[in-house]
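Just below is one structure, and these are the notes that go with it.
The values are calculated or read from the model by the stated rules, or taken from the named source; none is laboratory data. Being a predicted model, the structure only gives us computed values, none of them experimental. Counting neighbours? That spans all protein chains shown, and the Cβs are built from the backbone with ideal geometry, glycine included.
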Amino acid sequence: DDIDAIINDSLNDELAVKDIVEFENSLKKHDKVLYLVDNTGEIVFDKLLMAKIKEYELDITIAVKSEPILNDACMKEALEAGLDEFGKIVEIGAGTVGYVDSEISDEFRQIFDSHEFVISKGMGNYEGLTEIDLSDKDVYFLLCAKCNTIARDIGVNLKDMLLFKK
């Protein structure tokens, strides 16, 4: 478990699906974005993307889990990582693996519904969000296809790094 090697390998991997042009168009089109973070180990890298998003003058709402499940980022970790310098941090009202529509709080539902542009990190959020109607939103998924079922669903290879709009 060589953490440095894992990070370096990940940083050198090419994105398998690159909806970069569409992503940049959404950055230009919207004035705010809801950013669903994933795990504690990745939120320091989320800061790099959030800094880039700020160049487009978008307001960022950062959504974290209310309770830890596995290694999910919660309010404490988000504050420790300094995510609050990029936007308002909110809790989803649940401690589920990914976004589970039936479990989120009414307060977070209002936040989610008020955003037309969503960036979703991780497979858990992908699984949950693909179960609901997102036709009125620009939703971009950033994830690594870590299991065959998800890889098949998206149409990519196992372990592909992805940025795509579904």
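Taking the conditions exactly as written (of a type in the set (K, R), modelled with pLDDT of 95 or more and in contact with a strand residue (DSSP E or B) (Cβ under 7 Å, 6 or more places away or on another chain)), does K32 satisfy them or not?
It is true that K32 is of a type in the set (K, R), modelled with pLDDT of 95 or more and in contact with a strand residue (DSSP E or B) (Cβ under 7 Å, 6 or more places away or on another chain).
Against the condition touching a residue at least 12 places away in the same chain (Cβ under 8 Å), surrounded by 15 or more Cβ atoms within 10 Å (Cβ to Cβ) and either over 22 Å from Y140 (Cβ atoms) or in contact with a His (Cβ under 8 Å, 6 or more places away or on another chain) (or both), how does T40 come out, does it pass?
no
If you check Y56 against the conditions, is it within 26 Å of D160 (Cβ to Cβ), touching an Asp or Glu at 6+ places or on another chain (Cβ under 9 Å) and aromatic (F, W, Y)?
So Y56 does not fit the description; no.
This table checks each residue for (1) at pLDDT 95 or above; (2) assigned to a helix (DSSP H, G or I); (3) more than 15 Å from the chain's Cα centre (by Cα).
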{"position": "N8", "(1), (2), (3)": "no, yes, yes"}
{"position": "F23", "(1), (2), (3)": "yes, yes, no"}
{"position": "G41", "(1), (2), (3)": "no, no, no"}
{"position": "I60", "(1), (2), (3)": "yes, no, no"}
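This table checks each residue for (1) surrounded by 18 or more Cβ atoms within 10 Å (Cβ to Cβ); (2) without any contact (Cβ under 8 Å) to a residue 24 or more places away in the chain; (3) over 22 Å from R109 (Cα atoms).
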position	(1), (2), (3)
K28	no, no, yes
Y35	yes, no, no
V44	no, no, yes
K47	no, no, yes
A51	no, no, yes
L70	no, no, yes
A73	yes, no, no
D84	no, yes, no
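Report whether or not L143 is crowded, with 20+ Cβ neighbours inside 10 Å, more than 16 Å from I43 (Cα to Cα) and out of contact with any Cys (no Cβ under 7 Å at 6 or more places or on another chain).
No, not satisfied.
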